[in-house]
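Colleague: Pasting a structure below so you can have a look.
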Amino acid sequence: MWWIFFLPTRMRHPIWARGLVLLRVRHFRGTYRISAIMNFPGDERKDNDTAFALVTVGATPGSVLVNEIMYAPAGDEPEWVELFNPTTDTIDLKGWRISDNNTVTKTLISPTQFLLPPKGYALIAKDSSLFSVRPQITAPTRIVSFAALNNTTPDAVVLFDDRLITIDSVLYSPDWGGRGGASLERIDEYAHSTDRSNWGTSIDSTGATPGTINSIAKLTDDLELVKAYGEQTIIIVEVRNAGRRTAESFQVLFFQTNGENNTPFGTVTFPGSLSPGSSAGLTYDWTDAPVGETRVTVHVAHPPDQRLQNNTSVFTMRRSFLPRELIINEIMYEPISGQNEWIEVFHRGTNPVDLAGWSFMDRPTVSGNRNVFSFGWSSRKILPGEFVVIAAESTIFSLFPSLLHSVNVIILNRAGGFSLGNNGDDIVLKDLLGTIIDSVRYEPSWHHPDVADVRGRSLERIHPDLETNDRRNWSTSAERIGGSPGRRNSIFTERTFSVAALSFSPNPFSPDGDGHEDFCLIRYVLPHETFITRLRIFDVQGRLIRTLADGEPAGSQGEIIWDGFDSEKRRARIGPYIVLLEATDRGGHAVLSARGVVVVATRL
């Protein structure tokens, strides 16, 4: 049996092995004198049983890593490379070299001792100006005039030990990250240096982390908020475990952000386990989300988390307004010469509305395209009960100078303005999400039939609560100037009724000419102001004795006087009479009627 005895000269105790042994020295780097002694009991010649050799133990590949590269610095900062020692031993970089992708030229890092501590960092910079740009650096640093690193094309950083053996190398490309004054940082010390997914742009506020842990380095506990977004009332969040350890339960907190103030409104708890590299999607239904745009802050709360910079996200959430929150209230589609078209919108809701991002459009063309007229993205708050006028040009102020003092006028100043059809058109009002809030398809026949020339006269809505596309809810403006932009419509109805109604005062009355109750005041109430009325009086036999109104335009309410005479100017006989009110639309079709009984009497 053969015995081989190894005795490193720098070790206190011998290492024994039986048979032929390959001794792997992992924790002691340097040059060693190795003695080998053969022990064989029957050996008759001892002078050839001993041998000696010098063995150099060097660094193993990966024992020092290229950890951060500043290849595209900004301002006066020079290029630099950060090295990291992932082992538990101090490593002397004396005689080590560095190169770019031209490995023929290897630049000496240090001719003297240059110690890299365990789990520590060292910097190799091209110029000492690095210390003035980043005075916080405390890591061991060497100023070395190594080859310039490429900013726009792929390049490499290759690290050699004193034996010129490659210890680590990174063939990077600018699309890996690290441009514009920010460094290219390594993510995981255990992952391959050549894996592009193991590198990324520094997210540190200074753009780099020389001499300290990388801003994107994989940590033991690190939850990352990958994305957060929402629309209407639903918020969707994705959380990834970027750490090395499984995360046990965490919370996602939601805040409404207004300037510096954050108001909490919801929490979602993830009750399970999230393994390293896995992602979890969470959903929150914010049923009370305000309409319009709202800034939302989302934060992942996990007590063991070692990196909080990637736990928060802020986004803008948009929720559509309610249908007919704002309504189309007045339309000037055929202005007089020298004037321009305009529309008026009325806020009939209960909450302020910001018109930023709102728009309206007209009827589609033959090809299906619509003209879209944007209100712009500047904030413009409209309060309940307020009006906003959207005009093609500022010439509207010459006809309606009172609008100069109103903040609720939007002048589009678009080339060619906007052109609404004189023979009818569509107006579709949309909010910032493109949701239709109100729309109307108007026709010239909506004007009052007694108005012969409608040029320069707007179409006004009679009541905001009635249907927009009900032609009976629109008629010609009664204003002499042709419209009432920015204020209540001239034909606005204070209130509406579902049926027509009649009342009489006094009743009975005595048309005897004595000055006491000689006339009967007939009051009527109609559901709209767009009707033509006819008021007739019949005797109890059903015979017509008097027509008080025939084809007259009517408001929502009015009064007509009966003097007690028939159509032949004869005083009506004592007794009851039937009063019949009929309201017709513009086509002459009876749509509403009301009747009542009035009594002609004589004074006793």
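Coordinate-derived values only; no laboratory data. No experiment lies behind these values; they were computed from the predicted model shown. Cβ coordinates were reconstructed from backbone atoms using ideal geometry, including for glycine residues, and neighbour counts include every protein chain displayed.
Colleague: Nearest-5 percent of antiparallel DSSP beta bridges in the stretch 122-209?
Modeller: Around 75 percent of the beta bridges assigned by DSSP in the stretch 122-209 are antiparallel ones.
Colleague: Looking at the stretch 38-89, which GluC sites (Glu not before Pro) are in a loop (DSSP not H, G, I, E or B) and have at most 15 other Cβ atoms within 10 Å?
Modeller: Passing both the DSSP loop test and the Cβ count: Glu44.
Colleague: Lysines within cross-link reach of Lys126: Cα-Cα under 17 Å, excluding same-chain residues under 8 positions apart?
Modeller: Excluding near neighbours in sequence, the set is Lys106.
Colleague: Using modelled amide H (1.01 Å from N, peptide plane; none on Pro or chain starts), what sits under 5 Å from the amide H of Ile382, excluding residues fewer than 5 places away?
Modeller: Those qualifying (amide H under 5 Å, at least 5 residues apart or on another chain) are Val353, Asp354, Leu355.
Colleague: Sequence-distant or interchain residues sharing an amide H contact under 5 Å with Thr141, placed H: which?
Modeller: Leu123
Colleague: Could you name the aspartates and glutamates whose alpha carbon sits less than 18 Å from that of Lys94, not counting residues in the same chain fewer than 8 places away?
Modeller: Glu82, Asp161, Asp162, Asp168
Colleague: A further question on this structure: Which whole-number percent gives the relative contact order of the chain, counting Cα pairs below 8 Å spaced six or more residues apart?
Modeller: Computed over the chain, the figure is 7 percent.
Colleague: Apply 1/(1 + (r/R0)^6) to the Cβ-Cβ distance of Ser279 and Tyr190, taking R0 = 25 Å, and write down the FRET efficiency to the nearest 0.05.
Modeller: Efficiency, rounded to the nearest 0.05: 0.75.
Colleague: To make sure I understand, if each residue's beta carbon is the centre and we count other beta carbons within 10 Å, what order do Ile437, Ile213, Ile574 fall in, fewest to most?
Modeller: Neighbour counts put them in this order, fewest first: Ile574, Ile213, Ile437.
Colleague: Short version: ³J(HN,Hα) in whole Hz for each residue of the stretch 278-288, in order, from phi by Karplus 6.51 cos²θ - 1.76 cosθ + 1.60 (θ = phi - 60°), x for Gly and Pro, what are they?
Modeller: 8, 10, 10, x, 10, 10, 10, 9, 8, 5, 9
Colleague: Also: So what's the net charge close to Glu467: Lys and Arg +1, Asp and Glu -1, counting the other residues with Cβ under 14 Å from its Cβ?
Modeller: +3
Colleague: Taking amide H positions as placed in the peptide plane 1.01 Å from N, state which residues far from Asp438 in sequence (5 or more) or on other chains have amide H under 5 Å from it.
Modeller: Arg324, Leu429
Colleague: May I pose another question? Taking the alpha-carbon set of the stretch 223-319, what are its Rg and Dmax in Å?
Modeller: Expressed in Å, the Cα Rg and Dmax of the stretch 223-319 come to 13.3, 41.
Colleague: Select from the stretch 168-223 those chymotrypsin sites (Phe, Trp or Tyr not before Pro) which occupy a DSSP coil region and have at most 16 other Cβ atoms within 10 Å, ordered by residue number.
Modeller: The qualifying sites are Tyr190.
Colleague: In addition: Ranking request for peptides 251-261, 117-127: highest mean number of other beta-carbon atoms within 10 Å first, then the rest in descending order.
Modeller: 117-127, 251-261
Colleague: What list do you get for Ser132, Ser63, Ser477, Ser35 if you sort them by fewest beta carbons within 10 Å?
Modeller: Placing the least packed residue first, the sequence is Ser132, Ser35, Ser63, Ser477.
Colleague: For a distance above 38 Å, tell me the whole-number percent of Cα pairs in the chain that qualify.
Modeller: 63
Colleague: Right, here's the next one. Taking Cα centroids, how far is the stretch 339-411 from the stretch 216-266 in Å?
Modeller: 39
Colleague: When the Karplus curve 6.51 cos²θ - 1.76 cosθ + 1.60 is applied with θ = phi - 60°, which whole-Hz ³J(HN,Hα) does each residue of the stretch 202-219 get, with x for Gly and Pro?
Modeller: So the Karplus estimates, Gly and Pro as x, are 4, 9, 5, 4, 8, x, 6, 9, x, x, 9, 4, 5, 5, 10, 5, 5, 10 Hz.
Colleague: Just the number, please: Stokes-Einstein D of the stretch 65-201 in µm²/s, Kirkwood Rh from C-alpha pairs, 10 °C, 1.306 mPa s.
Modeller: Result for D is 106 µm²/s.
Colleague: Give me the extension gain from Ser145 to Lys119: residue separation times 0.36 nm, minus the current Cα-Cα distance, reported in nm with one decimal.
Modeller: 6.8 nm
Colleague: Looking at the stretch 45-94, which chymotrypsin sites (Phe, Trp or Tyr not before Pro) are DSSP coil and have at most 12 other C-beta atoms within 10 Å of their C-beta?
Modeller: Of the chymotrypsin sites (Phe, Trp or Tyr not before Pro), not one in the loops of the stretch 45-94 has a Cβ with at most 12 other Cβ atoms within 10 Å.
Colleague: Using Cβ counts within 10 Å as a stand-in for footprinting exposure, how do Asp465, Asp453 rank, fewest first?
Modeller: Lowest to highest Cβ neighbour count: Asp453, Asp465.
Colleague: Right, another one. Which ³J(HN,Hα) values in Hz, rounded to whole numbers, follow from the phi angles of the stretch 354-370 under the Karplus curve 6.51 cos²θ - 1.76 cosθ + 1.60, where θ = phi - 60° and Gly and Pro get x?
Modeller: Taking θ as phi minus 60°, the curve returns 9, 7, 4, x, 6, 7, 9, 9, 9, 5, x, 7, 4, 7, x, 7, 10 Hz for the stretch 354-370.
Colleague: Output the relative contact order of the stretch 295-371, whole-number percent, from Cα pairs under 8 angstrom with separation of 6+ residues.
Modeller: Once divided by the residue count of the stretch 295-371, the mean separation gives 20 percent.
Colleague: Right, something else. What FRET efficiency comes out for Arg455 versus Leu404 if R0 is 22 angstrom and r is the Cβ-Cβ distance? Round to the nearest 0.05.
Modeller: After rounding, the FRET efficiency stands at 0.35.
Colleague: Run the reach check for Lys227 against lysines, Cα to Cα strictly under 30 Å, same-chain hits fewer than 8 apart removed. What comes back?
Modeller: Lys218, Lys430
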